[in-house]
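Step one of this worksheet: look at the structure below.
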Protein chains: 2
Amino acid sequence: VLKVRILLMGFGNVGRGFCRLLAEKSDYIERHWRLEPRIVGICTRTRGIAYDPSGIDLDRVLSAKDNIESLGNPGSPRFPTQEDVVAGGDYDVLAECTVTSTDGRGPALEYMKEALSRGKSVITTNKGPIAFFYKNLHELACRHRAGLLFEGTVMAGTPVFSTSVNGLAGSRISRFEGVLNGTCNYMLGLMQSGADYDKALEQAQKQGFAEADPAMDVEGMDTALKAMILSQVLMGTDVPRPEDISIQGISHVDPEVLLDAKDNNEQVRLVARGEKVGEKCRISVKPTPLAADHPLYNLPGAVNGLVLSTDTLGPVCLTGAGAGSKATGFALLHDLLSLYDSRERCRKGM
Amino acid sequence: VLKVRILLMGFGNVGRGFCRLLAEKSDYIERHWRLEPRIVGICTRTRGIAYDPSGIDLDRVLSAKDNIESLGNPGSPRFPTQEDVVAGGDYDVLAECTVTSTDGRGPALEYMKEALSRGKSVITTNKGPIAFFYKNLHELACRHRAGLLFEGTVMAGTPVFSTSVNGLAGSRISRFEGVLNGTCNYMLGLMQSGADYDKALEQAQKQGFAEADPAMDVEGMDTALKAMILSQVLMGTDVPRPEDISIQGISHVDPEVLLDAKDNNEQVRLVARGEKVGEKCRISVKPTPLAADHPLYNLPGAVNGLVLSTDTLGPVCLTGAGAGSKATGFALLHDLLSLYDSRERCRKGM
């Protein structure tokens, strides 16, 4: 059994979902993967840093109410800041799930660079750094023979990258079309049934879908970041420049569009489209009426979907959970297992 | 660049689709995978055996009209039978795409066993042997450190196994629901629009969907074999025994059922369901009305779909091509690349 030491950056919904899965599935993971993942450090913005090279007790940290520092090992090295842990801590994998920034810059990016430069693998659900700095991070990972996986950046743990990069290996993807934001999906559903924007937003917030500040979701930036990642990873394009991207959110949808769609038995969804043009990608994000036979017509609530146009199979469509603590925490678990797995099981045809 | 020598068993639609893709994509495969796949032998039932250790010219063999023996190398070893090539030929990978048998026994199974026993990897689109002898073949592959991949046995090259085994690694799948036969899907569509069974079958044959002997498709056996494979590979169950499987095809669908479904805005599809019960799996195959919000409601023509119930993400749905020379040939290409790939690219996060 191989011990894997994980440093967890961020202990919000995603980080907690990940820890819960590790606790729940530890026997299963040991039996099937011969792995013993241990969280050796948890860094939070407001609740301190817990560090224990022999592994933090997950049940205790999950039920802790406030500062978690005391759950570390008092005899272990002290790290005054999160940067210090990343740069000096003893770990194998950095699991990064802090808050994202819309330009990709900020502490999360620096953590990832530092870890990769030390030859530590990085798994992350953080969209910004991957959307803007995928190439740099990927090169850094290759140079230091480290892994870089980010399944959770698009459609939570629904295996978008695994399916397209491994499953479609040998195919070329020339175009994609996705419904990638559950909040907008849910709100547009309500708006098409007659609710106005404010009412729909209120309802989404009540349901726990939308954040208190919903701008990232409703203005389309969350969807655009995901489309930027998809275009680079699935189609090998350069980082999209601002002039290659057009974004229109759902906060100013013409009520006529919603009514017309309803009359035509169409469903309006916030659709991200990406198309490869040479080495570049043209990306658009906008509310789009979809006909009843469109593969993304049928997406209840927070379910997301992605259609890939391939040269070998025609369209391939994947739908599944697009958000949630467990579903996104699973993305990190999946990435972790992929780092230590894959070849052997592939060869064995399992 | 690594040379990979492939022995191809069967040169029907699938084998030809595979060869066409290899010819089309050879530069791409060399550039991205540092692989040079070469077909060193092609075994056919009625058109002879071509064998050339230095590689058969794919363009010539694809345009050959009858016996292909002369396309081999006259100076190379002679193999009187297909068995002899499998047992004595010099190759790295056996690509098996001969006709399937409904009990899994027959020459294809023997070819696979022989190749695996020699430590050669096997890639196949042949359902019968995997449906009935997956465990044995898998054990044989492990024992001889060979690969065994069979993406093309279910939903052509649409990456069902890659997505579920690798992409959902760490999840448990407890149930699945699939529309896995394009012919039945197409015919039921026509029947629901008023065509009778014979008319629908005639139309499917005209479109090239159904075989001259359509029994495997319309009686549900093709779907049942696929469900047997899914249950073992995705849920780790034992080989389903006959008493665990109930099969009802589409040749005797009650017209009332079709009419009722139409009235309710439902779509009747041949649905395979599998459910894990302990180490066993209960499988049913039968025409089933699906409501408009069911993820498998919207499947045009030969498109297949599969919904997996997971403990981490809830339902995950994958739809895509379920048949066709190129789509199934791609399954073999995908399996080939997986054999020689995977770990490195996973680690690099590509």
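For the stretch B:234-266, a tally of residues being under 30 Å from B:L148 (Cα atoms) and either assigned to a helix (DSSP H, G or I) or in contact with a Gly (Cβ under 6 Å, 6 or more places away or on another chain) (or both) returns 6.
Assess whether B:P295 counts as being in contact with a strand residue (DSSP E or B) (Cβ under 6 Å, 6 or more places away or on another chain), under 23 Å from B:S193 (Cα atoms) and of a type outside the set (A, V, I, L, M, F, W, C). In short, yes. Considered as a group, the residues in the stretch A:119-178 that are more than 9 Å from chain B (Cβ to nearest Cβ) and among the charged types (D, E, K, R) include one that is nearest to B:L21 (Cα to Cα), and that residue is A:R175. Whether a residue is at pLDDT 95 or above, open to solvent by less than 20 Å² (accessible area, probe 1.4 Å) and part of a loop (DSSP other than H, G, I, E, B) was assessed, and A:S231 does not pass this test. Looking across the stretch B:264-297, not a single residue is within 11 Å of chain A (Cβ to nearest Cβ), free of Cβ contacts under 8 Å to residues at least 24 places away in the same chain and of a type in the set (S, T, N, Q). Here the stretch A:12-38 is the region considered, the condition is being more than 11 Å from chain B (Cβ to nearest Cβ) and without any contact (Cβ under 8 Å) to a residue 40 or more places away in the chain, and the residue that is surrounded by the fewest Cβ atoms within 10 Å (Cβ to Cβ) is A:D27. No other residue among A:G208, A:G189, A:G182 is buried (at least 22 other Cβ atoms within 10 Å of the Cβ) and modelled with pLDDT under 95 apart from A:G182.
The requirement of being among the charged types (D, E, K, R), away from chain B (no Cβ under 14 Å) and within 23 Å of A:S309 (Cα to Cα) is satisfied by A:D222.
For (1) in contact with a Cys (Cβ under 8 Å, 6 or more places away or on another chain); (2) in a helix (DSSP H, G or I); (3) touching a residue at least 60 places away in the same chain (Cβ under 8 Å); (4) over 22 Å from B:T328 (Cα atoms), each residue gets a yes or a no:
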{"position": "B:R47", "(1), (2), (3), (4)": "no, no, no, no"}
{"position": "B:P53", "(1), (2), (3), (4)": "no, no, no, yes"}
{"position": "B:D66", "(1), (2), (3), (4)": "no, no, no, yes"}
{"position": "B:S76", "(1), (2), (3), (4)": "no, no, no, yes"}
{"position": "B:A108", "(1), (2), (3), (4)": "no, yes, yes, no"}
{"position": "B:I123", "(1), (2), (3), (4)": "no, no, yes, no"}
{"position": "B:A131", "(1), (2), (3), (4)": "no, yes, yes, no"}
{"position": "B:Y134", "(1), (2), (3), (4)": "no, yes, yes, no"}
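Inspect all residues belonging to the stretch B:132-151 and state whether any of them is crowded, with 24+ Cβ neighbours inside 10 Å and of a type in the set (S, T, N, Q). No, there is no match, as no residue in the stretch B:132-151 is crowded, with 24+ Cβ neighbours inside 10 Å and of a type in the set (S, T, N, Q). Out of A:N264, A:N298, one residue alone is within 17 Å of B:Y297 (Cα to Cα) and not basic (K, R). It is A:N298.
Scanning the stretch A:298-332 for residues that are open to solvent by less than 30 Å² (accessible area, probe 1.4 Å), more than 7 Å from chain B (Cβ to nearest Cβ) and closer than 29 Å to B:Y28 by Cβ yields A:G305, A:L306, A:V307, A:L308, A:S309, A:T310.
Counting only residues that are farther than 18 Å from B:E266 by Cα and assigned to a loop (DSSP other than H, G, I, E, B), the stretch A:271-295 holds 2 of them.
The values are calculated or read from the model by the stated rules, or taken from the named source; none is laboratory data. Note that the structure is a prediction, hence the values are computed from the model and not measured. Note that each Cβ is placed from the backbone with ideal geometry, even for glycine, and that neighbours are counted across all protein chains shown. Please note that ligands, DNA and RNA were not included when accessible areas were found on the heavy atoms of the full protein model with its side chains. Shrake-Rupley method; radii C 1.70, N 1.55, O 1.52, S 1.80 Å.
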